[in-house]
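What follows is a single structure, written as structure tokens, with notes after it.
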Amino acid sequence: MPQQTDYSYRPWLDADAEPFIKLRGISKKFDEFTAVDNVDLDIYKGELFSLLGGSGCGKTTLLRMLAGFETPSSGTIYIDGVDMTEVPPYARPINMMFQSYALFPHMTVEQNVAYGLKRDKIPKDEIKRRVEEILSMVELSDFVKRKPHQLSGGQRQRVALARALVKQPKVLLLDEPLGALDKRLREQTQFELINIQDQLGVTFVVVTHDQEEAMTLSTRMAMMDAGKFQQIGEPTEVYEYPESRLVANFIGSANMFEGRVTQSDVGHVVVTSKELDVEFYTNHPMSIIEGTKVWVAVRPEKITLSKTSLDASTNQLKGVVVDIGYHGKTSTYRIRINNDQIIEVSVPSQKRPRGERHSIDWDEEIYLNWDQSSAVVLMK
Amino acid sequence: MKQRRSTFILSMLCFGLAFLYVPMILLIIYSFNYSKLVPVWGGFSTRWYTVLFESEEMWAALGLSLRIALVNATFAMILGTLAGIALVRFGRFRGRTLFSGLITAPLVMPEVITGLSLLLFFIALSHLFGWPQRGFTTITIAHITFSLAYVAVIIQSRLSGMGTDLEDAAQDLGARPLRVMFDITLPLLAPGMIAGWLLAFTLSLDDLIIASFVSGPGSNTLPMLIYSRVKVGLRPDINALATIMIVMVTIGVLLACWLMIRQKHLLDRDANTK
């Protein structure tokens, strides 16, 4: 990564920048169950931060603590420098978009959006102006008099967004904002969300279980498991340099080879797998004590397939094609190597295969290669 | 085969329905009987309705029953709603299980026991404080104790079906808890509350056993009047009275059902089109 002197777009790289949201030692216990376990987190102004993880990992509990619906068992929440830990939800400068949208069924679109402003005792004409403004921004000006059940899923989602944004909160929390939409609408809405966030400069905190959604939306993302953060970073950082097998497997998929470090120099390590009887050369920034048990992780799209053996300076394995999944723009090959492990390789459909259905066919013997900069060495 | 099975099922259904409703239909038909002898058909007439409407005793009983039913339904609705909200929304407060049991116990308690225990209670109270006089007050209080349970159950099931998202959202938008209650919770519960009110109203109008235990001299409710007259002998004007009561209760129950179904539809529709 090139170092920048201007940190305005990436304030998390600036050691002097003051975070907008600060969580310090936050835990939440429900009886015996610890949903969130002693977590620290910094989120900066104007970020679009994603909390990512499987169900039950504590991401929703964390979001609900930010909104004020749950009180932390211990720890402190600062928002814009103010301690908000004990402040009830109605007094926080934060609004939330619910997964269910939670539109009031007995109110029209207009009344739904105006509800928050009315609570703040804002003059009537200003409420009217702001409601009109935000509804035209989400392109719902023609639906003001409709009740929520008369709207489509996508329209409800936009009403929910408008209702949360109209109060101009310091932070907007979004719980699975696109979860209920179909695939095409979801992709389109992703970019709309980013545009709106850009226009208003509000800090977004998004909870999602969809890793692609998180990578598309976020400035940074945090991967959670069992109430703790596994890794926090920019999408490219988390995807290209996962810190653990858990992260590598949850965000995208990865092929893992177990082995021991047999040689370690500045810049790269050699990992030997006894089972496979091969050595893997992998770039690694730090040296590792020889003999340490590690895993070499390679993403499916970083492996190339060839019918002939290449020179031995790259990492090479030999295997047999057992399955081919054709997706159109890519194909996934499942290849069995000599310890019966199945390796997934993603091959772009750059050329149209001539004659046969696939350029490499079932049961064919094949060589797998990857560059030493493409893999990562994981210690846990 | 399929044909035969469906005719079997159909005939069972007809038999079942006939078993339940033919007696009531007969009663309604015989209320329009001209003859003074109840089981003998003497031609169509509304004379027994006229006799009935001229009976002062009947008007007094009807008036008392309606007054009790109205007051009972209103109190039961308010208390039952509060109990339902407490049970669903206040989390696991201390003694919640006990409270829940106490609320629903009257649903399964034999009416004779409820009636007897309430009678003893009222007697003890009037010995100690000279209050209450047995009659309107005691019957109403007795009715509230059991109708409240029905309302609480209806409200409880509505609330737990609703989830907390809507109330959370209102709080998130700046509404304080009391505001949330009036803006969101109560409007969404309104159909359930009205259904509960109607149910409590008809339950009270129907009750004979508990009312007989706790009523005092000169305070006869309508079911008590019917029962005491039938004990002396069948009279055609009682058929007319019973017909009126059937109609009133039917309207009440149908209204309550319609409201409950309508609210369920509303909730389902919101859930489906998410």
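The values are calculated or read from the model by the stated rules, or taken from the named source; none is laboratory data. All values reported here derive from a predicted model rather than from experimental measurement. Counting neighbours? That spans all protein chains shown, and the Cβs are built from the backbone with ideal geometry, glycine included.
The single condition among (1) over 21 Å from B:Asp207 (Cβ atoms); (2) at pLDDT below 85; (3) in contact with a Leu (Cβ under 7 Å, 6 or more places away or on another chain) that B:Val88 does not satisfy is (2).
Look at A:Thr304 and say whether it is surrounded by fewer than 16 Cβ atoms within 10 Å (Cβ to Cβ), modelled with pLDDT of 85 or more and either of a type outside the set (D, E, K, R) or touching a helix residue (DSSP H, G or I) at 6+ places or on another chain (Cβ under 6 Å) (or both). Considered against the rule, which asks whether it is surrounded by fewer than 16 Cβ atoms within 10 Å (Cβ to Cβ), modelled with pLDDT of 85 or more and either of a type outside the set (D, E, K, R) or touching a helix residue (DSSP H, G or I) at 6+ places or on another chain (Cβ under 6 Å) (or both), A:Thr304 comes out as yes. Restricted to helices (runs of 4 or more DSSP H) entirely inside segment B:183-274, those with at least 3 residues that are closer than 30 Å to A:Ala180 by Cβ and within 14 Å of chain A (Cβ to nearest Cβ) are B:186-206, B:236-272.
Which residues, taken from segment A:44-71, are charged (D, E, K, R), within 13 Å of chain B (Cβ to nearest Cβ) and either in contact with a helix residue (DSSP H, G or I) (Cβ under 7 Å, 6 or more places away or on another chain) or crowded, with 24+ Cβ neighbours inside 10 Å (or both)?
Within segment A:44-71, just A:Glu70 meets the criteria.
Results for (1) within 20 Å of B:Ser65 (Cα to Cα); (2) within 14 Å of chain A (Cβ to nearest Cβ); (3) at pLDDT 90 or above, shown as yes or no for each residue.
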site: B:Ser117; (1), (2), (3): no, no, yes
site: B:Ile123; (1), (2), (3): no, no, yes
site: B:Thr140; (1), (2), (3): yes, no, yes
site: B:His143; (1), (2), (3): yes, no, yes
site: B:Ile154; (1), (2), (3): no, no, yes
site: B:Ala169; (1), (2), (3): no, yes, yes
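The residues of segment B:1-54 that are of a type in the set (Ser, Thr, Tyr) and touching a residue at least 12 places away in the same chain (Cβ under 8 Å), listed by number, are B:Tyr30, B:Ser31, B:Tyr34, B:Ser35, B:Ser45, B:Thr46, B:Tyr49.
Please go through segment A:155-167 and pick out each residue that is within 12 Å of chain B (Cβ to nearest Cβ), out of contact with any Lys or Arg (no Cβ under 8 Å at 6 or more places or on another chain) and either surrounded by fewer than 17 Cβ atoms within 10 Å (Cβ to Cβ) or of a type in the set (D, E, K, R) (or both). Within segment A:155-167, A:Arg163, A:Lys167 qualify. Summed over segment B:83-121, residues that are more than 19 Å from B:Tyr150 (Cβ to Cβ), hydroxyl-bearing (Ser, Thr, Tyr) and in contact (Cβ under 8 Å) with a residue 12 or more places away in the chain total 0.
Determine whether segment A:242-252 contains at least one residue that is of a type outside the set (Phe, Trp, Tyr), under 27 Å from A:Asp80 (Cα atoms) and outside the structural domain of A:Asp277 (by TED's automatic domain parsing). Break it down into steps so the answer makes sense when it comes.
Of all residues in segment A:242-252, those of a type outside the set (Phe, Trp, Tyr) come to A:242-249, A:251-252.
Filter once more, keeping what is under 27 Å from A:Asp80 (Cα atoms): none.
No; the residues of segment A:242-252 include none that is of a type outside the set (Phe, Trp, Tyr), under 27 Å from A:Asp80 (Cα atoms) and outside the structural domain of A:Asp277 (by TED's automatic domain parsing).
Among the residues of segment A:89-98, some residue qualifies, meaning at least one is crowded, with 19+ Cβ neighbours inside 10 Å, assigned to a loop (DSSP other than H, G, I, E, B) and in the same structural domain as A:Phe20 (by TED's automatic domain parsing).
Taken as a whole, the condition of being among the basic types (Lys, Arg) and facing chain B (nearest Cβ under 10 Å) applies to A:Lys118.
Within segment A:327-338, track down each residue that is at negative phi and surrounded by fewer than 12 Cβ atoms within 10 Å (Cβ to Cβ). Within segment A:327-338, A:His327, A:Lys329 meet the criteria.
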